[in-house]
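To start, the structure itself, in C-alpha cells.
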C-alpha cells in the first residue's frame with residue numbers, strides 16, 4: 001500500500017470515527033475556517049468540526065496535518081469532507097457554492113440543507 005493510500009485511509013477513518021456526513025478539519029483563529037463555516041451555517045448544514053489544535057483533540061495534530069498533506073496534497077485549513085468526498089478548503093467550497101454544484105454533492109451524500117433562493 002502506498003504512503004498516499006495509507007494517509008487517505010487514516011483521514012477517512014477519523015471522519016468515520018468522529019465525523020458526521022459533513023466533516024470539517026480546522027485550526028483556531030483561521031479566517032478561512034470561519035468563512036467556510038458561514039457558508040455551511042447559511043445553508044443550515046450540520047457538520048462535525050475537528051479542531052486539530054484543540055488540547056482535547058484525540059489525535060496528534062501533526063500526524064493529522066501530515067496525513068492531509070500526504071493523502072490529499074493540501075497544506076491549508078480548513079479541509080472539508082462531505083461523506084468521503086474531499087471538497088477541499090474554503091476556496092473550493094466557495095466555488096462550488098457559487099456555481100451551485102455544492103447542492104449535487106450534498107444530495108449525493110444525503111445531506112440535509114436549506115437551498116438558497118436563486
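All of the numbers you see were taken from the coordinates with simple rules; none came from a lab. Being a predicted model, the structure only gives us computed values, none of them experimental. Heads up, the Cβs are rebuilt from the backbone with ideal geometry, glycines too, and the neighbour counts pull from every protein chain shown.
Within region 94-109, restricting attention to residues that are in contact (Cβ under 8 Å) with a residue 40 or more places away in the chain and over 16 Å from residue 38 (Cβ atoms), the residue that is surrounded by the most Cβ atoms within 10 Å (Cβ to Cβ) is 106. All of (1) touching a helix residue (DSSP H, G or I) at 6+ places or on another chain (Cβ under 9 Å); (2) under 23 Å from residue 97 (Cα atoms); (3) not in a loop (DSSP other than H, G, I, E, B) hold for residue 66 with one exception: (2).
Restricting region 50-63 to residues that are in contact with a strand residue (DSSP E or B) (Cβ under 8 Å, 6 or more places away or on another chain) and assigned to a loop (DSSP other than H, G, I, E, B), the residue that is surrounded by the fewest Cβ atoms within 10 Å (Cβ to Cβ) is 57. Criterion applied to 112, 66 was being over 13 Å from the mean Cα position of the chain (by Cα), surrounded by fewer than 16 Cβ atoms within 10 Å (Cβ to Cβ) and under 24 Å from residue 2 (Cα atoms), and the one residue passing it is 66. All conditions in (1) exposed (fewer than 14 other Cβ atoms within 10 Å of the Cβ); (2) under 14 Å from the mean Cα position of the chain (by Cα); (3) assigned to a loop (DSSP other than H, G, I, E, B) hold for residue 91, with the sole exception of (3).
All conditions but one from (1) assigned to a helix (DSSP H, G or I); (2) in contact (Cβ under 8 Å) with a residue 40 or more places away in the chain apply to residue 80; the one that does not is (1). Within region 31-49, at least one residue is touching a helix residue (DSSP H, G or I) at 6+ places or on another chain (Cβ under 6 Å), free of Cβ contacts under 8 Å to residues at least 40 places away in the same chain and either under 19 Å from residue 96 (Cβ atoms) or not in a helix (DSSP H, G or I) (or both).
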